[in-house]
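Chemist: Structure below; questions to follow.
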Amino acid sequence: MIGTAGIGRRRISRGPRIGYAILGVSVVPILVGYAWLLIASFSRRTRGLIPTTIDGRAGGWTLDNWSFVSDGSVYRATLNSTLMALGMVVGVGIVSTLGGYAISRIRFPGRKGVLSMTLLLNAFRADMLLIAIFFVLRALGATPLVGRFIGFDTVGGVALVMVSLELPLGLWLMKGFFDNVSWDMERAALIDGASRFRAWWEIVLPQVMPGLAALSVFTFISGWNAYLIPFTYTVGTGVSNLPVFLDELIGETSPTNWNQVAAVGLFQLIPILGFYLLMQEKLLNIYSGGTKGGT
Amino acid sequence: MKIELRRLTKTWGETTAVAGVDLDIDDGEFVAFLGPSGCGKTTTLMMIAGIYQPTSGEILFDGEVVNDLAPRDRGVGMVFQSYALYPHMTVAENISYSLKLRGVDKVTRRRRAQEIADLMGIGHLLDRKPAELSGGQQQRVAVGRALVKEPRVLLFDEPLSNLDARLRLTMRSEIKRMQTELGITSIYVTHDQVEATTMADRIAVMRGGRLEAYADPDELYRRPQTLFVAGFVGNPPMNIVDAQVVGLNGGFVAQTLGIEIPLPDDRSRPVVGRRSVKMGIRPEHILVGSGPFAGEVVLVEPLGREDLVDIDVGSGTLRALADRSLGIRPRDRVSFEINSAEVQFFDPETERSLLWG
Amino acid sequence: MATVAEDSPTRRRRRRLAAVGFLTPAMVLVVAFYLIPAVLTLILSLTDLSSANFTEPWNFIGLDNYRRLFGDAFFPKILKNTLFYVFVTLGLFNVGLALVLALLTTSIPRRAGFFFRMLWLLPRITPSVVYVMMWVRMAQQPPFGIFNQLAGPFGLEPENWLFETPWLFVILTNGFVGASFGMIIFTSALESIPRDVITAARVDGASGWRLIRDMKIPLIKWPLLFVATYQTMSLLTSFEYILLLTEGGPGLFTTEVWALTSYKRALGTYFGNNQWGYGAAWGFVLVVIGFLFSLLYVKIFRFNQLVKEPLIE
């Protein structure tokens, strides 16, 4: 018995070392990739990881790739990206907190069905129904008053589509967070005289703020990086967002000026990185309320 | 406010939580719902509050059926076991939330919150958040919140379970004192029979969703109608043994555990002649020190003023309360007598009392 | 006084009203961007609508598009590719590696675990265009390719790896992004296992692999199932990275998956004009496949168990 205890001890101290090794190996591609990105954005050309000049000699450091920062062409796209992403955050936030609360905490006929529905919706992702959604957007654009902002080829329209794309996950996550709010607290609110809606707004919602914050951060990131949907549903250059702008940039010169692309890419990545570094804790805890289920 | 429960039933799918409870509560009365966990006492309370909908049956406040009223329209105040304070609001805001919902202005709200807080002894904590308070203080905020709306009935759901023993005693008397002063009809759910007997005017004992007994504490103690009530009410619990009551020398004795206990006539007549009965003897009615019976002490549990001793009388064990001064220790041989004027008898099958209706 | 019937109409009405209010925004979006498009796609798939004739009234051609679809020479290959891609990536990365990462990063000191998870989240938060570009760069032939540059000294034959082993890169690119979703969820789940349970297991003698197999994995059953379900759908319907990386090539449909085909048929210009009707047929079949899979998952994993009844009526 004493012998086995000793063996256990030895194995435990080896464990972390193996863990580090495996983890270390796994992140090599990531590190290499980003190292290249950084280097490429500041050099004329690269050969592998080595920055070079146009004709291939080592060196070639330059700031030329970043000229777009001062020439301003990228700022319209940045603004659009910001608007889309923020619009998404607001939209997803509202819809998910309202819907998630109902699924989690209101008894109504068909409740189980709605819950299964949020899982099944994943099969109908917008990526598959692109053409049909185009028609829907066109119809929306024709509605009086608001049509100008939510139709095809508008920032609003794109935001709407992206909000609905996030719906299944948003609803599921918020439902999970609402599941963990104390019933006694909500009962106390009802006894105090609140309506269900007021109880939601003043008592229950404040308790899920951390979860909502984390959801918002992820939604913002999705919105900021979105490529396919904005690409499909915008035509004018005034309406494109950063990834689409980047894509256009790639196609502009032939052969592609990878280094410039790297610079713009980094430009797009930096705000997110900053955001991310500030919010790591919240992000990495986002799903703790969501899928515990039986635990 | 009078409360009446008529054939109140609650089922969750296959399970029955409350099965046909009939109960009347008088205006200003303090009633305890007492029973083990799962007996349906909290479910009944929730139905009275309007949180749960009865499956069938009626709840009447002052003669009016309130089944369809939402909690906010019933005029109830409730104190939860977990306090359920609103963590993001201050004490003042917690207490006055119900007033805010009614549209009362800020100044009045603050004033009322101060009044109630002072009444509960926490007037100096109005601007703190619940997380900054101790358990006892949080409890008082919870009570204050229930009182501020001048409710018609106060509902308590095991409010003292989360407090340490000392605090529990203090809060118990405070709640009782306050209820008596304010005269608000109150229902107090608990599994602790000491709480129930010290605080309540009447106790509703529940088991398995049914109402087992409904009477004042004294009645439940001295004239329990079922075996369950007899064993549940009274601390330490009653000794229950198999016995046979026979006539002997012009009187009656109970034969049990190898001894014969003389019984008064009025206790014996309803029971004599039955093949076997369940007999209940409370530890406090077994007088240790001298007497016709003897046994060996197996276990001594000091309770401070008294000792709870387990006595092996040969064919069984009896628990008795003995005075500390006797200095009883395990393996001592002791003599004892039994105050048979207080023994109880129950039918072994129906578990109903053979002495009282 | 008569006994009041169970669950009076007033209460039920009130509840239903409340639920409807809360769910309306979600339902509006579901109808507008899921239900209607699904129906529309079905309708579209029954026409020969394309960018050439969309100004004319729609011409219904019945099931012709479907006949064409199932008769297409590459249909079996695309189907095979799709199933291969989805389940290999799911098993290796989205669930497999995710689980490994979660287990490893929770068994090393907290800060270190944090650091590695942060690194692993980078692929997910990088814009797809840039991310794919990095991988392309890594796979390129000399003198540009990074992989060749680093591995050359070890005697590796320089190739354009993307061309040589396209599937490897398709799976790697999607996998590296996909793994982070599961990693986050599993990490949270693992961290919320009460310490006492693990301690008890250790005292019982479990350690290392036994601990993982007998304790940790069973205890995170629900998150595991959820991730498997969600990611299957994700992989089935995603094609953005493949589009950017290989466009389904190299050559003819080497790495073409169903979702990509649908997109290309509808919005690509390979066949002269955008064949919306035909693309819609591909899309609709995929939706049906996805829906059936989801249904299967929900039934098999009995997700209904996760639903607890609300405790306010």
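We did not get these values from a lab; they are worked out from the coordinates using the rules stated. Everything numeric here is computed off the predicted structure, so don't read it as measured data. Note: ideal-geometry Cβ built from the backbone for every residue, glycine included; neighbour counts use all protein chains shown.
Chemist: With a ≥ b ≥ c the root eigenvalues of the C-alpha gyration tensor of the stretch C:172-313, is it rounded (a/c under 1.5), prolate (a/b larger than b/c) or oblate?
Modeler: On the way: a/c = 3.74, a/b = 2.01, b/c = 1.86.
Since a/c reaches 1.5 and a/b is larger than b/c, the shape of the stretch C:172-313 is classed as prolate.
Chemist: Build a GNM of chain C with springs between Cα atoms under 10 Å: which of C:S262, C:S192, C:S45 gets the top mean-square fluctuation?
Modeler: With Cα springs under 10 Å in chain C, the top fluctuation among C:S262, C:S192, C:S45 is at C:S192.
Chemist: Could you put B:I187, A:I250, B:I286 in order, starting from the residue whose Cβ has the fewest other Cβ atoms within 10 Å?
Modeler: Values: B:I187 26, A:I250 18, B:I286 21.
In order of increasing Cβ crowding within 10 Å: A:I250, B:I286, B:I187.
Chemist: Would you calculate, for chain C, the mean residue ellipticity at 222 nm contributed by helices, counting each DSSP H stretch of 4 or more residues as -39,500 (n - 2.57) and dividing by all residues, to the nearest 500?
Modeler: Details: 15 runs with 198 residues, N = 313.
The per-residue figure over chain C is -20000 deg cm²/dmol.
Chemist: Let me ask something else. Report the relative contact order of chain C, percent, no decimals, based on alpha-carbon pairs under 8 angstrom and at least 6 residues apart. Walk me through the numbers before you get to the answer.
Modeler: Numbers: 316 pairs, mean separation 80.9, N = 313.
26 percent.
Chemist: Over the stretch A:75-289, what relative contact order in percent results from Cα pairs under 8 Å that are six or more residues apart?
Modeler: Details: 220 pairs, mean separation 67.6, N = 215.
Value for the stretch A:75-289: 31 percent.
Chemist: So, one more: Just flag the trypsin sites (Lys or Arg not before Pro) in the stretch B:316-357 sitting in loop per DSSP whose Cβ has no more than 14 other Cβ atoms within 10 Å.
Modeler: Details: sites: B:R319, B:R324, B:R331, B:R333, B:R352; in loops: B:R331.
When the trypsin sites (Lys or Arg not before Pro) of the stretch B:316-357 are filtered for loop state and at most 14 Cβ neighbours within 10 Å, B:R331 remain.
Chemist: In whole percent, what relative contact order does chain B give with Cα contacts below 8 Å and a gap of six or more residues? Show your work: numbers first, answer last.
Modeler: On the way: 754 pairs, mean separation 54.7, N = 357.
Value for chain B: 15 percent.
Chemist: So how tilted is helix B:165-182 from the main axis of chain B? Cα-based, degrees 0 to 90, rounded to 10.
Modeler: With both axes taken from Cα atoms, the answer is about 70 degrees.
Chemist: Rank B:A19, B:A213, B:A341 by mean-square fluctuation in a GNM of chain B with C-alpha springs under 10 angstrom and give only the top-ranked residue.
Modeler: B:A341
Chemist: For chain B, what does -39500 (n - 2.57) per DSSP helix run (n ≥ 4), summed and divided by total residues, give at 222 nm, in deg cm²/dmol to the nearest 500?
Modeler: Working: 9 runs with 88 residues, N = 357.
Helices in chain B give a 222 nm mean residue ellipticity of -7000 deg cm²/dmol.
Chemist: Please list 3J(HN,Hα) in residue order for the stretch B:62-76, calculated via the Karplus relation 6.51 cos²θ - 1.76 cosθ + 1.60 where θ = phi - 60°; whole Hz, with x for glycine and proline.
Modeler: The phi angles translate into 6, x, 9, 6, 10, 3, 8, 7, 5, x, 5, 9, 9, x, 9 Hz.
Chemist: Still on this model: Cα gyration tensor of the protein assembly as shown, axes a ≥ b ≥ c as square roots of the eigenvalues: rounded (a/c below 1.5), prolate (a/b > b/c) or oblate?
Modeler: On the way: a/c = 2.59, a/b = 2.07, b/c = 1.25.
It is prolate, given that a/c is not under 1.5 and a/b is the larger ratio.
Chemist: Okay, next question. Are there GluC sites (Glu not before Pro) in the stretch B:322-355 that DSSP marks as loop and that have at most 11 other Cβ atoms within 10 Å, and which are they?
Modeler: Details: sites: B:E337, B:E342, B:E349, B:E351; in loops: B:E349, B:E351.
In loop regions of the stretch B:322-355 (DSSP not H, G, I, E or B), the sparsely surrounded GluC sites (Glu not before Pro) are B:E349.
Chemist: Then there's this: Based on other C-beta atoms within 10 Å, arrange B:D266, C:D214 from fewest to most. Working shown, then result.
Modeler: Details: B:D266 9, C:D214 13.
Starting with the residue having the fewest Cβ neighbours, the order is B:D266, C:D214.
Chemist: Any chance you could tell me what percent of the C-alpha pair distances in the stretch B:175-254 go past 23 Å? Walk me through the intermediate numbers first.
Modeler: Numbers: 1145 of 3160 pairs.
That fraction is 36 percent.
Chemist: Is the shape of chain B best called rounded, prolate or oblate, per the rule: a/c under 1.5 gives rounded, else a/b larger than b/c gives prolate, else oblate, with a ≥ b ≥ c the square roots of the Cα gyration tensor eigenvalues?
Modeler: On the way: a/c = 3.12, a/b = 1.83, b/c = 1.70.
Prolate is the answer for chain B, as a/c is 1.5 or above and a/b outweighs b/c.
Chemist: For the stretch A:75-289, state the semi-axes of the equivalent ellipsoid (square roots of 5 times the eigenvalues of the alpha-carbon gyration tensor), sorted largest first and rounded to whole angstrom. Walk me through the numbers before you get to the answer.
Modeler: Numbers: eigenvalues 255, 89, 42 Å².
The equivalent ellipsoid of the stretch A:75-289 has semi-axes of 36, 21, 15 Å.
Chemist: So which GluC sites (Glu not before Pro) in the stretch C:191-284 pass both tests, a DSSP loop state and at most 16 other Cβ atoms within 10 Å of the Cβ?
Modeler: Details: sites: C:E191, C:E240, C:E247, C:E256; in loops: C:E247, C:E256.
Qualifying residues, ordered by number: C:E247.
Chemist: Quick one: among B:A230, B:A204, B:A215, which has the greatest mean-square fluctuation in a GNM of chain B with alpha-carbon springs under 10 angstrom?
Modeler: B:A215
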